[in-house]
Amino acid sequence: MAPKSDSAEAIVLNFVNEQNRPLNAQNVADALQKFNLKKAAIQKALDNLADGGRISFKEYGKQKIYLARQDQFNILNSEELNQMKEQNAKLQKQLEEQKKTINEVEAEIKSLQSNLTLEQICGREADLRMEVQEMENKLTKLRGGVTLVSPEERMAVETMLSEKISQWRKRKRMFKDIWDTLTENSPKDPKELREELGIEYDEDVGVSLQSYNDLIQQGKKRPRGY
């Protein structure tokens, strides 16, 4: 009697026949987890199917290898096999042509999506015209000798920048003192410890305290009416 279609034996038999390759109980158990079948139930089903002649098996020491019965499959002759190879080659060629066509269409779509609409072009033109007008107005004032930044505003900005740099320098020195104390007797390499803690130096993110110091010094040398 054939096993019920939803029984463990039926599920295992269908899987073994579909795979048509050597399998052990663990292979089958891993593949059939979605059916909530325990390995013990799968092992029992495999043994029952083998004992009933529904599948083949061989023993290699303590390992049992199961395989679908080959007499249930139609064996192709050389002519049929060659025909299938030719058909497969044609299908592969068609697949490559379809992929090429899809890539061309996707590239065209991407190109079209990157182009601005007429409405977007008009809006962008208006924005650029406004920017140009603002720059021309600013240039006119500069040519006329108008100071766009008052001495008071300049002094306030320079003072604030100087304070920030002073805090930067102070915190940098504090960190160095703490870090030197921490790593002095540490068995771990300071560089490895820094990477482990995710600590980044100024140079790691492309900034330099000295460059900002130089900026302040340049500002002090520049004439106030500039």
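I'd like the accessible area for TYR212, computed on protein heavy atoms only with a 1.4 Å probe and all protein chains in place. Round to 10 Å², please. Here the residue's solvent-accessible area equals roughly 90 Å².
Mind pulling the angle between the C-alpha long axis of helix 151-184 and the longest principal axis of the chain? Nearest 10 degrees, somewhere in 0 to 90. Orientation of helix 151-184: about 50 degrees from the principal axis.
Between the Cα long axis of helix 118-143 and the first principal axis of the chain there is an angle of about 20°, rounded to the nearest 10. ARG173 contributes an accessible area of around 130 Å² to the protein surface, as traced by a 1.4 Å probe with all chains present.
The C-alpha atoms of the chain define a longest principal axis, and helix 78-114 lies at about 20 degrees to it.
Please enumerate, by chain and number, the aspartates and glutamates with C-alpha under 19 Å from the C-alpha of LYS176, excluding those fewer than 8 residues away in the same chain. List returned: GLU184, ASP189, GLU192, GLU195, GLU196, GLU200, ASP202, GLU203, ASP204. With θ taken as phi - 60° and the Karplus curve 6.51 cos²θ - 1.76 cosθ + 1.60 applied, the whole-hertz 3J(HN,Hα) list for segment 33-47 is 4, 5, 8, 6, 9, 6, 4, 4, 5, 5, 4, 5, 5, 4, 5 Hz, x standing for glycine and proline. For the chain, with all protein chains in place and a probe radius of 1.4 Å, 53% of the accessible heavy-atom surface sits on carbon or sulfur.
Beyond 31 Å, the tail of the calculated P(r) for the chain holds 71 percent of the Cα pairs.
The values are calculated or read from the model by the stated rules, or taken from the named source; none is laboratory data. Source: prediction; values computed, not measured. Accessible surface areas use protein heavy atoms only, side chains included; no ligands, DNA or RNA. Shrake-Rupley method; radii C 1.70, N 1.55, O 1.52, S 1.80 Å.
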